[in-house]
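Working notes, beginning with the structure itself.
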Amino acid sequence: MLDINSYLSYDSSWERLKAEDRPIFIYGMGDGCIKLLRQFERFGIKTSGIFASDEFVRGHSFEGFKVKRLSEVEEENEDFVIALAFAAGYNELIDKIDAVANKHTLIMPDTAVYGGEPFLKETLVQNFDKANAVFERLCDEKSKEVFDCVLKYKITGDISFLKQCETIPCEAYENILKPSSCETYVDLGAYNGDTVLEYLSYAEGYEKIFAIEPNVRNYKKLTAAMEGYKNITLINAAAWDKEDTVCFSKGSGRQARPTQNGILTKAVSVDSLLCGHRADYIKYDVEGEEKRALEGSKNTIKEYSPKLCVAVYHKLLDMFELPLQVLEINDSYKLYLRHYPYYPAWETNMFFVK
């Protein structure tokens with residue numbers, strides 16, 4: 001059972017920043033910086049400035065601050081604190097952040113990918129029964145370590161907790177998913193085909209693949225990547241709870257998502273797509289619409305118990321609520337949790353296997 005007091009004993013990232021006498025500089029611009037500035041105002045935290053990586057500094061300003069280089073901040077301040085405001089998901093950038101964290105106090109407050117609310121101690125207190133119910137169903141010590149470390153990171157903003165629990169995708173494929181050469185695989189949020197190709201590198205064959213991607217630019221890349229492969233159905237659509245039409249953002253990249261104003265896009269459910277046929281493995285990484293996509297898969301999940309990989313990091317309570325949603329549909333699953341190298345706690349996935 002989780003010990004809630006062990007988490008509440010930590011100072012939250014916001015408490016740590018609020019208590020600081022040293023100047024606090026935000027590292028990074030864009031949406032992440034704006035989110036931090038809003039929370040700084042909310043918690044009464046003073047911002048001393050903004051800096052960016054040297055290659056992005058062109059003498060411009062952002063949100064009323066002149067954007068500086070790290071070297072400038074170091075020359076002007078004997079000691080200071082860094083609040084990290086952008087995500088890092090590849091080794092070179094992660095190593096760069098680690099090097100900065102080794103020199104300076106670095107805090108990366110956790111904010112949801114979608115939705116403005118940060119993860120607070122109160123969030124855990126209010127949802128402790130859900131958190132503990134998921135923790136109790138985890139099937140190996142690594143999963144429990146990941147759950148524990150991700151929670152500690154979400155509260156403290158200390159990225160060392162994420163470093164402590166990370167694994168790489170091959171570990172999940174080899175020890176949890178164990179793909180065969182005759183599976184039907186459904187990839188929801190196929191992006192440019194990278195996860196299909198990753199799956200194929202471990203499966204060494206397949207029976208049928210359905211790859212669903214809503215964004216037109218990404219879909220073109222997906223189509224090019226899958227050229228020459230047989231028995232792969234590509235669908236330019238959003239993964240949804242029913243057949244429908246939805247507005248999707250115009251931008252490409254991984255964060256193509258539903259918006260009020262965007263491009264009208266076809267939406268499909270897994271159940272309608274498969275028409276009662278089996279799936280052996282389904283991956284859900286649909287930019288915050290996992291709950292809806294799972295609802296659209298419930299008949300398949302109930303009937304065939306396919307292996308599932310569900311991204312549990314897009315929204316504030318995903319790590320608690322999405323696993324319970326799956327178990328409500330089919331309670332026979334074993335649960336495993338893994339976090340791949342990434343700052344913040346993105347690329348945290350829950351696996352469901354029989």
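The values are calculated or read from the model by the stated rules, or taken from the named source; none is laboratory data. Only a predicted model underlies this, so the values are computations on that prediction, with no experimental measurement involved. Ideal geometry is used to build each Cβ from the backbone, glycine not excepted, and the neighbour counts take in all protein chains shown.
Just for helices (runs of 4 or more DSSP H) wholly inside the range 135-249: which have at least 3 residues that are in contact with a Leu (Cβ under 9 Å, 6 or more places away or on another chain) and in the same structural domain as L8 (by TED's automatic domain parsing)? Counting at least 3 such residues, we get 141-156. Using the structure shown, decide if E198 is farther than 30 Å from T123 by Cβ, within 22 Å of the chain's Cα centre (by Cα) and touching a residue at least 24 places away in the same chain (Cβ under 8 Å). Criteria met by E198. If the condition is being part of a helix (DSSP H, G or I) and in contact (Cβ under 8 Å) with a residue 60 or more places away in the chain, then the range 262-303 contributes V270, L273, L274, A293.
Matching residues to (1) of a type in the set (A, V, I, L, M); (2) within 26 Å of P323 (Cα to Cα); (3) surrounded by 19 or more Cβ atoms within 10 Å (Cβ to Cβ); (4) out of contact with any Lys or Arg (no Cβ under 8 Å at 6 or more places or on another chain):
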| residue | (1), (2), (3), (4) |
| --- | --- |
| Y219 | no, no, yes, yes |
| Y229 | no, no, no, yes |
| N236 | no, no, no, no |
| W240 | no, yes, yes, no |
| T265 | no, no, yes, yes |
| C275 | no, yes, no, yes |
| A279 | yes, yes, yes, yes |
| I282 | yes, yes, yes, no |
| S297 | no, yes, yes, yes |
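Considering the range 58-119, the qualifying strands (runs of 3 or more DSSP E), each wholly inside and each with 1 or more residues that are surrounded by fewer than 18 Cβ atoms within 10 Å (Cβ to Cβ) and more than 29 Å from the chain's Cα centre (by Cα), run over 65-69. Can you name every residue in the range 6-33 that is of a type in the set (S, T, N, Q), without any contact (Cβ under 8 Å) to a residue 24 or more places away in the chain and in a helix (DSSP H, G or I)? Answer for the range 6-33, where residues must be of a type in the set (S, T, N, Q), without any contact (Cβ under 8 Å) to a residue 24 or more places away in the chain and in a helix (DSSP H, G or I): just S6. Out of the residues in the range 34-48 that are part of a loop (DSSP other than H, G, I, E, B) and of a type outside the set (V, I, T), which is surrounded by the fewest Cβ atoms within 10 Å (Cβ to Cβ)? Ranking the qualifying residues of the range 34-48, first place goes to G44.
D95 - would you say it is over 28 Å from E117 (Cβ atoms) and at pLDDT below 95? Show your work before the answer.
Details: over 28 Å from E117 (Cβ atoms): yes; at pLDDT below 95: no.
No.
G30 meets each of the listed conditions (1) in contact with a strand residue (DSSP E or B) (Cβ under 8 Å, 6 or more places away or on another chain); (2) within 18 Å of P344 (Cβ to Cβ) apart from (1). Only one of the listed residues (G157, G193) is under 30 Å from L234 (Cβ atoms) and surrounded by 14 or more Cβ atoms within 10 Å (Cβ to Cβ). That residue is G193. For the range 1-33, filtering for residues that are exposed (fewer than 15 other Cβ atoms within 10 Å of the Cβ) and over 30 Å from Q126 (Cα atoms) leaves 3.
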